[in-house]
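Comments concern the structure below.
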Amino acid sequence: MAASGLRRSIDVSGYDLRLAMPLAGFFAAFFLAPLAVLVVLSFQTDTTGAHWGVTQYVQFLGDAFSLGVLASTLWLGVKVTAVCLVFGWPVAWLHARSGPTVKSLIMLIVLLPLLTSVVVRTFAWIVILGRQGIVNATLMSLGLVEAPLKLLYTDLGVVTALAQVQMPLMVLPLATALSRIDPNLVAASEVLGAGEWRTFAKVILPLSLPGIVAGSMLTYAASITAFITQSLIGGGQMLFMPMYLYQQASTLQNWPFAAAISIIFLIAVLAVVTVFNTLGRLSRGFAQG
Amino acid sequence: MAARRPTLDVLTFHGVMIGLSIIALIVLVAPSAVVLIVSFTSGFSLKFPPPGWSTRWYVELWNAWQLQFAAKNSFVVAAWSTGLSIVLGVAAALPIARSKTLSARILDSVFMSPLVLPALAFGLAGLMFFSAIGLPVSKVTLVIGHTVVCVPFVVRNTIASLAQLDPVLLECSASLGASRITTFRRITLPLIKPGILSGGFVAFMSSFDNVPVSLFLRDAATDMLPIRMWQDLEGRLDVTIAALSGVLIVATVAVMILMERVTGLSRRLA
C-alpha cells in the first residue's frame, strides 16, 4: 500500500513537461529566433547586406565616443545600485522588525513605484527637479541660493531619479533575505556583548548578502537599460547605451551597427548577471554555512 | 530590556537606520504625491506649489482624443498580452514547478531571461526578425513582443504558488476518486489562483507601461500611451500629462489595494 501511495503521490502532483511546450515553441519562434537574426545582422559590413565581417564591432571598439557611452552607462549602473543599497537596506531592516500593519504599509509604499508607469514617475522628477520645481522653490525661499540650480540634465538628477525608480527592485529581495535571518542569532550576538553596530557588521549584514547580491543584480540591470528615465532626465547632452542604440536603429537606420551595439550591450549585461550569480552562490553558501 | 538604558551604540544605530529608511520611504512616495498636487493647478505651468486650484486639466483630458486613442491601444494590447501570458505561462509553470530535471531548469531560465535582457535590444531584434520573415509590424507583432517580456511575471508567480501547494491535498483528491482534470479544476486551480492573478496583474501593468518593445514593433497608426506621453514630455511640459498621470496613479493604487485584498499582493512579490 505504501508503495502504491508513493507512486500515486508522484503521479498526481507532477505534470508532463509537454505542457511547457507551447511556451517553449513561442519563445523559440519569437525570442530566440529574433536574437539569432540580431547576431547575424551585426556581422553585415554595410546596410545593403552584401558583405560580411566584424566591421561593426571594430568600429564600435575602436571609437572613443562609443566606448565612452558604454563606460558611462556601466558606471551609471554602479552609482544607482550603490544609492539604492544604502537607502534600501534600512527600509528592508525596518520592514523585517515591524508589526504586521506597518509591514504591509511599507510594502505598499515600496510596490507603488514599481507598478506606476515609468513615464509618470520620470515626469514627477521633472516637476521636482525643474527650474520652478520643489527643490529650487524651497532653496530660493530659504534664501540658500540666488538663482535656480540646474538639476535636470545633470548626473546628480539622473542618479536620483533612477535610484527612486529602481529602489523597489533592491528592497524586495533584501526584505526576503532579512526576514529569513534567525532572530536567535541576533539575540545571541547581543547576549555575548556585541553592540548594535557590531551585530550589524558581523551578523545581520553578512547574512543578508544573498539579498544584497540579488537586489544589486536586478537594480543594476534595470538602471542601465532604463531608457525613458535616462533620456528624459539626462536630456540630449548625456548619451547612454539604450538611446545610442535607438538613435542608430531608428533615426539613422543603421541596422547593422545598431545590432552590433545591441550585442555588445547584451554581452555586458550578461557578464554582470553572471558575476552576480556567482557571487550569489558564494554568498548563499556563506549565509547557510 | 526595558530596564536597560539606551546606550550611544543603540541610539546611533537605530537613528541611522530609521533616518535612512524614512528618507527612502518619503522619496518613494513623494513623486506620486507631487504629480497629484500639480495636476490640480489652475496655471499653465508645472510650478510648485501651484498658484491656484482647479480641475481644468482633467476636463482638458476629456477632450484629448490623441491621448484617449493611445490609451485604448495600450489597453487592448496589454489585455491580449496578459491573456496570452496567462494561458502559456500557467501551462508551462505546472510541470516546471516541481521538476528537478535539467530540461525543466533550462526552460525555467530561458523563460525568465527577458527580465534581465535589455528590452530595447529585444525590440530591435523583433523588428529585424519580423521584417526578415516579411510580417509587417501591427497590433499582432506588438502583442507577440509584449507577451515575451510579460510572461516571466506569470511564470514566476505561478511557480511560487505551486511550490507552496501541499501535495497531500492532491493525493487526498485522487484517493477520493477524482480524476486529474477534476483535481486540477477543484483543488489546484483555486489554490494557485491568487498567484496567477498577481502575476497577471504585474504582467498587465508592465505591458501597459512598455516603451522599448513598442517603439520598434508598432506601426505608424498604432500610437501607444507611454510613447505618446514620452514624446509629449520631450517636446513641452504639458499640464494635461500631469492630469493623465494623476488618473493613472489613482487607478494603479485602487487596483493595488484590490489585489492586496484578493491575493495578498505584497506578500507574493516580496
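The values are calculated or read from the model by the stated rules, or taken from the named source; none is laboratory data. Treat the numbers as computed from the prediction; the structure is a model and nothing was measured. A quick note on method: Cβ atoms are made from the backbone with ideal geometry, for glycine too, and the neighbour counts reach across all protein chains shown.
Can you pull out the residues in region A:248-265 that are within 11 Å of another protein chain (Cβ to nearest Cβ) and either in contact with a Cys (Cβ under 9 Å, 6 or more places away or on another chain) or free of Cβ contacts under 8 Å to residues at least 12 places away in the same chain (or both)?
Within region A:248-265, A:A249, A:S250 meet the criteria.
Looking at region A:174-198, which of its residues are within 9 Å of another protein chain (Cβ to nearest Cβ) and either within 20 Å of the chain's Cα centre (by Cα) or farther than 27 Å from A:A82 by Cα (or both)?
Matches in region A:174-198: A:A175, A:T176.
Failed condition for A:Y15, given (1) more than 7 Å from chain B (Cβ to nearest Cβ); (2) in a loop (DSSP other than H, G, I, E, B), with all others met?
Answer for A:Y15: the failing condition is (1).
For residues that are farther than 17 Å from A:L108 by Cβ and out of contact with any Gly (no Cβ under 8 Å at 6 or more places or on another chain), scanning just region A:166-186, find the one that is surrounded by the most Cβ atoms within 10 Å (Cβ to Cβ).
Selected residue: A:Q166.
Go through region B:1-29 residue by residue and tally those that are surrounded by 13 or more Cβ atoms within 10 Å (Cβ to Cβ) and either modelled with pLDDT under 90 or more than 9 Å from chain A (Cβ to nearest Cβ) (or both).
The total comes to 2.
If you take the residues of region A:62-94 that are small (G, A, S) and out of contact with any Phe, Trp or Tyr (no Cβ under 9 Å at 6 or more places or on another chain), which of them is farthest from A:M107 (Cα to Cα)?
Within region A:62-94, the match that is farthest from A:M107 (Cα to Cα) is A:G62.
From the list A:G49, A:G68, pick out the single residue that is part of a helix (DSSP H, G or I) and more than 8 Å from chain B (Cβ to nearest Cβ).
None of the other options fit; the residue is A:G68.
Out of B:L84, B:L115, I need the residue that is aliphatic (A, V, I, L, M) and modelled with pLDDT of 95 or more. Which one?
B:L84
If you take the residues in region B:30-41 that are facing chain A (nearest Cβ under 7 Å) and among the β-branched types (V, I, T), which one is farthest from A:E196 (Cα to Cα)?
The extreme case among them is B:V38.
Just to be sure I understand, how many residues within region B:194-249 are more than 9 Å from chain A (Cβ to nearest Cβ), free of Cβ contacts under 8 Å to residues at least 12 places away in the same chain and assigned to a helix (DSSP H, G or I)?
Number satisfying all stated conditions: 3.
Of B:S54, B:S74, which residue is within 11 Å of another protein chain (Cβ to nearest Cβ) and either of a type in the set (G, A, S) or surrounded by fewer than 20 Cβ atoms within 10 Å (Cβ to Cβ) (or both)?
After applying the criteria, what remains is B:S74.
Hey, could you check region B:124-140 for residues that are more than 9 Å from chain A (Cβ to nearest Cβ) and within 22 Å of the chain's Cα centre (by Cα) and say which is surrounded by the most Cβ atoms within 10 Å (Cβ to Cβ)?
B:K139
Filter the helices (runs of 4 or more DSSP H) completely within region B:46-121 down to those with at least 1 residues that are under 30 Å from A:F27 (Cβ atoms) and over 23 Å from the mean Cα position of the chain (by Cα).
Passing ranges, in order: B:65-98, B:102-112.
Working only within region A:205-239, note down all residues that are surrounded by fewer than 23 Cβ atoms within 10 Å (Cβ to Cβ), outside any helix (DSSP H, G or I) and not polar (S, T, N, Q).
Selection gives A:G235, A:G236, A:M238, A:L239.
Being away from every other protein chain (no Cβ under 12 Å) and among the small types (G, A, S) is true for just one of A:S216, A:S231, A:S223. Which residue is that?
One residue alone meets the criteria, A:S216.
So if I check each of A:V165, A:V186, which one is closer than 22 Å to A:L239 by Cα, touching a residue at least 12 places away in the same chain (Cβ under 8 Å) and β-branched (V, I, T)?
Unique residue meeting the criteria: A:V165.
Which residues, taken from region A:220-236, are of a type outside the set (G, A, S) and farther than 14 Å from A:L156 by Cα?
A:Y220, A:I224, A:T225, A:F227, A:I228
Does B:A121 count as crowded, with 22+ Cβ neighbours inside 10 Å, within 7 Å of chain A (Cβ to nearest Cβ) and without any contact (Cβ under 8 Å) to a residue 24 or more places away in the chain?
Yes; evaluated as a whole, the condition is true for this residue.
Would you confirm whether or not region B:31-40 contains a residue that is surrounded by 14 or more Cβ atoms within 10 Å (Cβ to Cβ), more than 30 Å from B:S138 (Cα to Cα) and touching a strand residue (DSSP E or B) at 6+ places or on another chain (Cβ under 7 Å)?
yes
Starting from residues that are free of Cβ contacts under 8 Å to residues at least 24 places away in the same chain and either β-branched (V, I, T) or under 14 Å from A:Q164 (Cα atoms) (or both), keep the ones in region A:195-204 and report whichever is surrounded by the most Cβ atoms within 10 Å (Cβ to Cβ).
Only one residue fits best here, namely A:T199.
Residues to consider are B:L165, B:L117, B:L142, B:L127; find the one that is out of contact with any Cys (no Cβ under 8 Å at 6 or more places or on another chain) and either farther than 28 Å from B:S198 by Cβ or acidic (D, E) (or both).
Sole residue among the options that is out of contact with any Cys (no Cβ under 8 Å at 6 or more places or on another chain) and either farther than 28 Å from B:S198 by Cβ or acidic (D, E) (or both): B:L127.
Within region B:41-69, count every residue that is closer than 25 Å to A:V110 by Cα and touching a Ser or Thr at 6+ places or on another chain (Cβ under 7 Å).
Going through region B:41-69 one residue at a time, the tally reaches 0.
For region A:67-112, name all the residues that are of a type in the set (S, T, Y), under 22 Å from the mean Cα position of the chain (by Cα) and surrounded by fewer than 20 Cβ atoms within 10 Å (Cβ to Cβ).
If the condition is that a residue be of a type in the set (S, T, Y), under 22 Å from the mean Cα position of the chain (by Cα) and surrounded by fewer than 20 Cβ atoms within 10 Å (Cβ to Cβ), then A:S72 is the only one that fits.
Let me confirm something: among A:L41, A:L108, which residue is under 30 Å from A:Q253 (Cβ atoms), in a helix (DSSP H, G or I) and modelled with pLDDT under 95?
A:L41 is the lone residue from the list that is under 30 Å from A:Q253 (Cβ atoms), in a helix (DSSP H, G or I) and modelled with pLDDT under 95.
Among (1) more than 10 Å from every other protein chain (Cβ to nearest Cβ); (2) buried (at least 23 other Cβ atoms within 10 Å of the Cβ); (3) aliphatic (A, V, I, L, M), there is one condition B:L102 misses while meeting the rest; what is its number?
(2)
Against the condition basic (K, R) and more than 8 Å from chain B (Cβ to nearest Cβ), how does A:R131 come out, does it pass?
Taking the combined requirement at face value, the residue satisfies it.
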